[in-house]
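Step one of this worksheet: look at the structure below.
The values are calculated or read from the model by the stated rules, or taken from the named source; none is laboratory data. Quick caveat, the model's predicted, so the values are computed rather than measured. Cβ coordinates were reconstructed from backbone atoms using ideal geometry, including for glycine residues, and neighbour counts include every protein chain displayed. We work out accessible area using only protein heavy atoms, side chains counted, and drop any ligands, DNA or RNA first. Shrake-Rupley method; radii C 1.70, N 1.55, O 1.52, S 1.80 Å.
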Amino acid sequence: MSAAPIHLGGERLMLDPAGVLHWPARRTLVVADLHLEKGSAFAAAGRFLPPYDTRETLSRLALLLRRWKPARIIALGDSFHDRHGASRLPPAELEALHRMLVGIEMLWVLGNHDPEPPEGLPGMAAEEVRDGPLVFRHQARPAASRFAMAAGGEVSGHFHPKATMATRAGGITRPCFVADGRRLVLPAFGAYTGGLDARDPAIAGLFPRGARLFLLGRERLFSMNAGPAPQPALTGTAPG
């Protein structure tokens with residue numbers, strides 16, 4: 001796979017086509033919106049989904065750990081679909097997660113779906129993580145623009161951005177990174193996560209001077225400029 005380099009706050013970051021961010025200088029892998037145990041949450045509410053989302057998500061994450069060999073992982077919130085998700089992890093997936101995190105510093109950023117630290121799992125939880133010129137949080141803060149410019153940059157998730165690229169065969173819609181010189185929004189990594197159009201005002205409003213979109217491909221990213229934001233009747237709700 002070919003990762004794409006970008007610069008944020010003077011730091012060189014790598015955008016992986018699998019939908020994660022690698023910060024080489026800190027040996028840090030950043031992932032957003034795992035939504036583990038979404039299937040079991042839906043089942044409890046009487047809405048059936050195959051109960052394999054956590055297994056699939058962790059399998060994909062394990063591949064990335066072997067690729068990048070990080071010393072630290074920052075999960076940008078909504079790592080679990082609800083505050084009790086960690087307690088519903090099947091034994092095999094719980095064991096796999098513990099095994100994956102051996103020797104790795106794990107930082108759980110709290111999200112709107114998981115506002116409390118996951119019980120029984122390695123790592124530390126925080127509302128946000130600041131390291132050098134970068135701040136990592138679940139949801140971007142529009143009012144943080146001046147801080148982001150002064151301190152370096154903001155990295156977040158929450159919105160599950162996606163975009164459509166025109167091809168000869170028609171439009172192809174894929175999850176995407178959204179970035180400018182001071183802010184980066186990651187796509188959702190979870191197997192059962194939907195997406196919000198990157199042109200939606202909820203996302204586009206974070207990038208008043210425009211942004212670059214990096215659509216996820218099988219082996220590489222596809223870059224394009226963000227177009228004008230559409231005006232739907234209801235906006236601003238991130239997919240869950």
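Observations, loosely collected:
- Restricting attention to segment 94-128 and to residues that are charged (D, E, K, R) and closer than 19 Å to D53 by Cα, the residue that is nearest to the chain's Cα centre (by Cα) turns out to be D114.
- R130 vs. criteria outside any loop (DSSP other than H, G, I, E, B) and open to solvent by 70 Å² or more (accessible area, probe 1.4 Å): yes
- When the residues of segment 46-60 are filtered to those that are in contact (Cβ under 8 Å) with a residue 12 or more places away in the chain and under 21 Å from N112 (Cβ atoms), the one that is surrounded by the fewest Cβ atoms within 10 Å (Cβ to Cβ) is L49.
- All of (1) open to solvent by 60 Å² or more (accessible area, probe 1.4 Å); (2) under 17 Å from G194 (Cβ atoms) hold for R67 with one exception: (2).
- Options A43, A75: the member that is aliphatic (A, V, I, L, M), out of contact with any strand residue (DSSP E or B) (no Cβ under 6 Å at 6 or more places or on another chain) and either closer than 23 Å to E128 by Cα or open to solvent by less than 70 Å² (accessible area, probe 1.4 Å) (or both): A43
- Within segment 180-195, the set of residues being farther than 19 Å from L36 by Cα and open to solvent by 10 Å² or more (accessible area, probe 1.4 Å) comprises D180, G181, R182.
- Among residues of segment 108-126 that are of a type in the set (F, W, Y), those with a beta-carbon under 6 Å from a residue that is open to solvent by 30 Å² or more (accessible area, probe 1.4 Å) at least six positions away or on a different chain give the pairs W108/G123; W108/A125.
- Single unsatisfied condition, S2 versus (1) hydroxyl-bearing (S, T, Y); (2) closer than 28 Å to G181 by Cβ; (3) at pLDDT 95 or above; (4) open to solvent by 10 Å² or more (accessible area, probe 1.4 Å): (3)
- Residue check for V109: within 26 Å of M1 (Cα to Cα), modelled with pLDDT of 95 or more and not charged (D, E, K, R): no
- The helices (runs of 4 or more DSSP H) found entirely in segment 1-118 that carry 2 or more residues being in contact with a Gly (Cβ under 9 Å, 6 or more places away or on another chain) and not aliphatic (A, V, I, L, M) are 38-44, 53-68.
- Scanning segment 5-31 for residues that are open to solvent by less than 10 Å² (accessible area, probe 1.4 Å) and either closer than 21 Å to E219 by Cβ or polar (S, T, N, Q) (or both) gives L13, L15, D16, P17, G19, V20, L21, T28, L29, V30, V31.
- Residues of segment 180-209 classified as touching a helix residue (DSSP H, G or I) at 6+ places or on another chain (Cβ under 9 Å) and part of a loop (DSSP other than H, G, I, E, B), total: 11
- Single residue of F177, F222 found to be assigned to a strand (DSSP E or B) and either open to solvent by 10 Å² or more (accessible area, probe 1.4 Å) or aliphatic (A, V, I, L, M) (or both): F222
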